[in-house]
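Please read the structure below before turning to the comments.
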Amino acid sequence: MNDHHRPPAPPRPEGPLRGLRVIDLATLFAGPLCATMLGDFGAEVIKVEHPRRPDPSRGHGPAKDGVGLWWKLLGRNKRNITLDLSTPGGRDVLLRLVADADVLIENFRPGTLEKWGLGWDELSAANPRLVLARITGFGQYGPYARRPGFGTLAEAMSGFAAITGEPDGPPTLPPFGLADSIAALSASYAVMAALRGRDTTGRGQVVDMAIIEPMLMTLGPQPIWYDQLGYVQPRTGNRSTNNAPRNTYRTRDGKWVAVSTSAQSIAERVLRLVGRPEYTDEPWFTTGSGRAAHADELDEAVGSWIAAHTRDEVVAAFEKAEAAIAPVYDIRDVMADEQYLALETITELPDPDLGTVRMQNVLFRLSETPGAIRWTGRPHGADTAEVLSGLGLTGADIASLHAEGAL
């Protein structure tokens with residue numbers, strides 16, 4: 001097979017989660033993104049928003065002609081209804097939805113659903129097979145449970161910010177929703193594990209996902225390092241305490257590349273490539289930690305060679321030497337890169353408001369039951385009448401709910 005060309009696509013059946021009904025009550029950003037990922041692989045997702053306070057992500061970030069662009073991504077593959085859960089009518093409609101649902105995703109502060117008479121007892125009574133995914137900053141219990149919780153707090157409290165940034169600079173937060181995105185991935189996995197458990201027991205269950213925890217898991221062995229050695233990882237900028245050379249380096253044409261030498265053989269190839277093979281004979285060069293202790297010397301050797309060449313020359317030379325390198329991209333580079341194009345990582349979709357839009361494709365490829373983006377984020381409440389009619393509500397029922405303020 002030619003590595004540069006995608007294999008022929010199989011006939012596109014429905015996604016593997018077809019028949020799964022997911023109710024998305026969540027906002028900003030982990031819960032809704034979890035629902036998006038499930039919808040990408042065929043789940044029917046019903047997005048529930050407050051009638052008078054739409055999901056804030058509709059107004060987050062840049063907009064075009066008044067159309068929020070983030071929502072087009074986050075709201076894809078979802079049917080949109082409005083419901084005020086604090087009203088009797090809204091509560092009743094949600095319980096009717098739950099009766100025929102598989103998953104409900106929420107991220108209210110602990111106790112909020114219970115206050116509305118929609119806690120686990122009531123939801124599981126309406127549908128004993130329901131999986132309730134509760135995604136909060138700090139989990140459902142403990143001294144911080146009722147605090148407002150956002151991804152930024154998880155990035156700080158997990159230890160991520162403490163190790164990010166230059167050694168003499170401040171702790172650094174990511175400029176995007178890192179903790180929320182990791183929590184969304186984790187929650188998608190948790191939901192599927194809970195559904196698999198239901199296959200065995202016949203009963204649904206509660207997923208308690210605290211955003212602070214997946215973020216901590218991604219930081220690797222820090223807890224066991226501290227437990228066994230008392231070791232606290234410092235801020236090292238782009239360097240690593242585990243190997244060297246590992247950094248970003250500026251090329252002759254003012255661009256940047258990233259070099260990694262996690263493997264010993266790669267480190268040796270890099271130093272031979274840049275004309276400094278004598279380093280590979282040093283006793284300290286035989287271990288990653290030994291090389292990290294000599295990062296200044298190795299950075300000078302690698303950095304001075306890279307600075308004398310253009311980015312294209314550097315990448316080509318490293319590839320020929322089978323050494324690990326990547327150009328440091330901004331989004332313009334990502335959109336034009338031949339590997340992303342081959343994988344169709346960015347896909348173009350029709351959109352009723354914007355004509356066509358490009359966004360990230362589904363997260364992975366399945367050979368037999370691939371996912372698909374069926375539509376982009378839809379208007380607030382666009383599917384309310386259709387969904388409620390499907391529950392058996394009449395026009396008069398829907399009008400009555402409107403009058404109550406439930407819709």
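The values are calculated or read from the model by the stated rules, or taken from the named source; none is laboratory data. Computed from a predicted model, the values in this text were never measured in an experiment. Neighbour counts are summed over all protein chains in view; Cβ atoms, including those assigned to glycine, are modelled from backbone coordinates with ideal geometry. Protein only, heavy atoms only, side chains kept; ligands, DNA and RNA dropped before computing areas. Shrake-Rupley method; radii C 1.70, N 1.55, O 1.52, S 1.80 Å.
Taking the longest Cα principal axis of the chain as reference, the axis of helix 295-307 is set at about 90 degrees. Among the trypsin sites (Lys or Arg not before Pro) in the range 239-280, those placed in a DSSP loop whose Cβ has at most 13 other Cβ atoms within 10 Å are Arg252. Extension gain, Val232 to His294, is 20.3 nm, computed as 0.36 nm per intervening residue step minus the present C-alpha separation. Atom-type composition of the exposed protein surface of the range 150-288 places 57 percent of the accessible area on carbon and sulfur (1.4 angstrom probe). Positive contributions from Lys and Arg (+1) and negative ones from Asp and Glu (-1), summed over other residues with Cβ under 14 Å from the Cβ of Glu106, come out at -1.
Going by alpha carbons, how many degrees (0 to 90, nearest 10) lie between the helix axis of 264-273 and the longest principal axis of the chain? With rounding to tens, the tilt is 50 degrees.
Annotation: amide H-H contacts under 5 Å for Thr251 (H modelled 1.01 Å from N, sequence separation of 5 or more, or interchain): Trp256, Val257. Extension gain, Ala326 to Arg53, is 93.9 nm, computed as 0.36 nm per intervening residue step minus the present C-alpha separation.
Computed from backbone phi with θ = phi - 60° and the Karplus coefficients 6.51, -1.76 and 1.60, the 3J(HN,Hα) list for the range 53-58 is 9, x, 3, x, 5, 4 Hz; x is used for glycine and proline.
Given +1 at the Cβ of Lys and Arg, -1 at the Cβ of Asp and Glu and no other charges, the dipole of the range 72-165 around its Cα centre is 280 debye to the nearest 20.
Please report, as a whole percent, how much of the solvent-accessible surface of the range 1-143 comes from carbon and sulfur atoms (probe radius 1.4 Å). The nonpolar share, carbon plus sulfur, comes to 54 percent. Shown in residue order for the range 169-182 are the 3J(HN,Hα) couplings computed by the Karplus curve 6.51 cos²θ - 1.76 cosθ + 1.60 at θ = phi - 60°: x, x, x, 10, 8, x, x, 7, x, 5, 5, 4, 5, 5 Hz (x for Gly and Pro).
Rounded to the nearest 10 degrees, the angle from helix 395-404 to the longest Cα principal axis of the chain is 70 degrees. Every helix of 4 or more DSSP H residues in the chain counts as -39500 (n - 2.57), and over all residues that averages to -11000 deg cm²/dmol at 222 nm.
Close amide H contacts of Val207 (hydrogens built in the peptide plane, cut-off under 5 Å, sequence separation of 5 or more or a different chain): Leu132, Ala133, Arg134. So with the 1.4 Å probe, I'd like the accessible area per residue for the range 148-283, rounded to whole Å². Ligands and nucleic acids excluded, the figure is 55 Å² per residue. Local charge for Ala194 was computed over the other residues whose Cβ lies under 12 Å away, with Lys and Arg +1 and Asp and Glu -1, and equals +2. Express in whole angstrom the spacing between the alpha-carbon centres of the range 16-53 and the range 225-273. The two parts, judged by their Cα centres, are 39 Å apart. Given their separation in residues at 0.36 nm each and the Cα-Cα distance between them, Thr310 and Asp397 gain 24.5 nm when the chain is fully extended. Within the chain, the longest run free of exposed loop sites, counting GluC sites (Glu not before Pro) that sit outside DSSP helix and strand states (H, G, I, E, B) and have at most 10 other Cβ atoms within 10 Å, spans 1-321. Over all other residues within a Cβ to Cβ distance under 11 Å of Val48, the charged ones net out to -3, with Lys and Arg as +1 and Asp and Glu as -1.
Amide H contacts for Leu20 (H built 1.01 Å from N in the peptide plane; partners 5 or more residues away or on another chain; cut-off under 5 Å): Glu44.
The candidate values are (i) 83, 49, 44; (ii) 65, 62, 41; (iii) 79, 52, 39; the one derived from this structure for Cα extents along the principal axes in Å carries the label (i).
Phi angles across the range 352-358 convert, under the Karplus curve 6.51 cos²θ - 1.76 cosθ + 1.60 with θ = phi - 60°, into 3J(HN,Hα) values of x, 8, 10, x, 9, 9, 10 Hz, Gly and Pro given as x.
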